[in-house]
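Visitor: Supplied in structure tokens, the structure appears directly below.
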């Protein structure tokens with residue numbers, strides 16, 4: 001996979017996840033973006049080694065919710 005395709009997948013995921021956060025938490029888009037950008041999941045999404053960018057935005061969002069609810073990412077494979 002070329003670098004541009006990977007970046008596009010990541011950007012698509014980020015946009016989808018931020019939209020999910022705005023709907024679920026009833027907050028503004030910019031606030032949701034800031035919350036997600038400060039998360040461990042965001043860092044792992046951008047790390048090519050994790051392969052997280054290949055997962056669906058819904059899966060990544062679930063990881064984000066785990067991080068918010070439990071203070072950590074609960075999936076052991078990452």
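The values are calculated or read from the model by the stated rules, or taken from the named source; none is laboratory data. Keep in mind that this is a model prediction, so the values were computed, not measured. Heads up, the Cβs are rebuilt from the backbone with ideal geometry, glycines too, and the neighbour counts pull from every protein chain shown.
Visitor: I'd like the full set of residues that are surrounded by 12 or more Cβ atoms within 10 Å (Cβ to Cβ) and free of Cβ contacts under 8 Å to residues at least 40 places away in the same chain, limited to segment 1-14.
Guide: 7, 8, 14
Visitor: Is there a residue in segment 19-30 that is surrounded by 12 or more Cβ atoms within 10 Å (Cβ to Cβ) and in contact (Cβ under 8 Å) with a residue 40 or more places away in the chain?
Guide: Taking every residue of segment 19-30 in turn, at least one turns out to be surrounded by 12 or more Cβ atoms within 10 Å (Cβ to Cβ) and in contact (Cβ under 8 Å) with a residue 40 or more places away in the chain.
Visitor: Within segment 40-49, is even one residue closer than 27 Å to residue 3 by Cβ and touching a residue at least 40 places away in the same chain (Cβ under 8 Å)?
Guide: yes
Visitor: Can you name the residue in segment 51-64 that is without any contact (Cβ under 8 Å) to a residue 24 or more places away in the chain and part of a helix (DSSP H, G or I) and is also nearest to residue 12 (Cα to Cα) among such residues?
Guide: Out of the qualifying residues, it is 59.
Visitor: With (1) assigned to a loop (DSSP other than H, G, I, E, B); (2) surrounded by 15 or more Cβ atoms within 10 Å (Cβ to Cβ) as the list, and residue 72 as the residue in question, which single condition is left unmet?
Guide: (2)
Residue-by-condition table, conditions (1) farther than 18 Å from residue 71 by Cβ; (2) modelled with pLDDT of 95 or more; (3) not in a helix (DSSP H, G or I):
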position: 16; (1), (2), (3): yes, yes, no
position: 19; (1), (2), (3): yes, yes, no
position: 22; (1), (2), (3): yes, yes, no
position: 27; (1), (2), (3): yes, yes, yes
position: 32; (1), (2), (3): yes, yes, no
position: 36; (1), (2), (3): no, yes, no
position: 42; (1), (2), (3): no, yes, no
position: 49; (1), (2), (3): yes, no, no
